[in-house]
1. Can you tell me how many residues in the range 134-151 are within 16 Å of Ala91 (Cα to Cα) and among the aliphatic types (A, V, I, L, M)?
2. For Gln152, only one of the following conditions fails: (1) surrounded by fewer than 16 Cβ atoms within 10 Å (Cβ to Cβ); (2) modelled with pLDDT under 95; (3) farther than 20 Å from Thr63 by Cβ. What is its number?
3. Which one of the conditions (1) touching a Ser or Thr at 6+ places or on another chain (Cβ under 6 Å); (2) closer than 16 Å to His73 by Cβ does Lys141 fail to meet, given that it meets all the rest?
4. Looking at the range 68-127, which of its residues are open to solvent by 30 Å² or more (accessible area, probe 1.4 Å), under 14 Å from the mean Cα position of the chain (by Cα), modelled with pLDDT of 95 or more and among the hydrophobic types (A, V, I, L, M, F, W, C)?
5. Take the residues of the range 56-67 that are assigned to a loop (DSSP other than H, G, I, E, B) and more than 20 Å from Glu166 (Cβ to Cβ): which is modelled with the highest pLDDT?
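The values are calculated or read from the model by the stated rules, or taken from the named source; none is laboratory data. As the structure is a prediction and not an experimental result, all values here were calculated from the model. So basically every Cβ, Gly included, is an ideal-geometry build from the backbone, and we count neighbours across all protein chains shown. For accessibility, only protein heavy atoms count, side chains too; no ligands or nucleic acids. Shrake-Rupley method; radii C 1.70, N 1.55, O 1.52, S 1.80 Å.
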Amino acid sequence: MTTLCRFLGTVSAITAIQLFWATGSAIADGPVVETGDAVRYTADLAETAGIHTKAPKLPYLCTGEVDYPHPSHTTEYTINAHFDTKCRMTAPNVSTEGSLSRSRWYGWEQLKTAKGSKANTRSLRVVAPKGCTAGTRYRYKGQARFYVSGPQGKGSAHVYNQNDSEITCTRH
């Protein structure tokens with residue numbers, strides 16, 4: 001009976017650890033941004049509309065784009081994800097909140113969050129850099145929420161991009 005009790009206690013502890021990791025509470029610098037309703041690579045920052053209606057475009061004609069996470073070209077042993085907002089007209093307020101994650105056996109581990117904002121602009125780039133150990137290989141995912149607002153309305157988009165195969169942490 002004592003052996004059975006020890007076994008059940010061990011199973012309970014392992015289950016608790018797995019539940020802790022599965023909730024997204026792994027190493028992170030900020031709140032977890034879920035992929036959920038995100039689209040891959042690029043999206044228009046359209047006005048928020050009803051659930052089943054097509055959202056109209058704002059006059060700023062902005063898009064949000066997440067590039068593939070990649071080894072940094074300027075900082076040794078660093079993985080970057082870029083979150084770019086591009087507008088055809090000057091927008092009064094542009095902001096972005098994004099995160100970089102890597103695939104682990106228990107799910108996506110959030111590594112870094114980044115955010116930025118700019119007024120009266122046509123572009124904004126936010127970068128989420130995270131140092132890595134030379135030679136390690138993981139799949140990475142970048143995801144961001146993009147926001148634009150002004151007198152003509154406000155809009156947003158949720159965008160992600162990920163590597164479908166592992167990338168190696170390199171010097172440059």
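1. 1
2. (3)
3. All conditions pass for Lys141, except number (2).
4. If the condition is that a residue be open to solvent by 30 Å² or more (accessible area, probe 1.4 Å), under 14 Å from the mean Cα position of the chain (by Cα), modelled with pLDDT of 95 or more and among the hydrophobic types (A, V, I, L, M, F, W, C), then Val127 is the only one that fits.
5. Leu61
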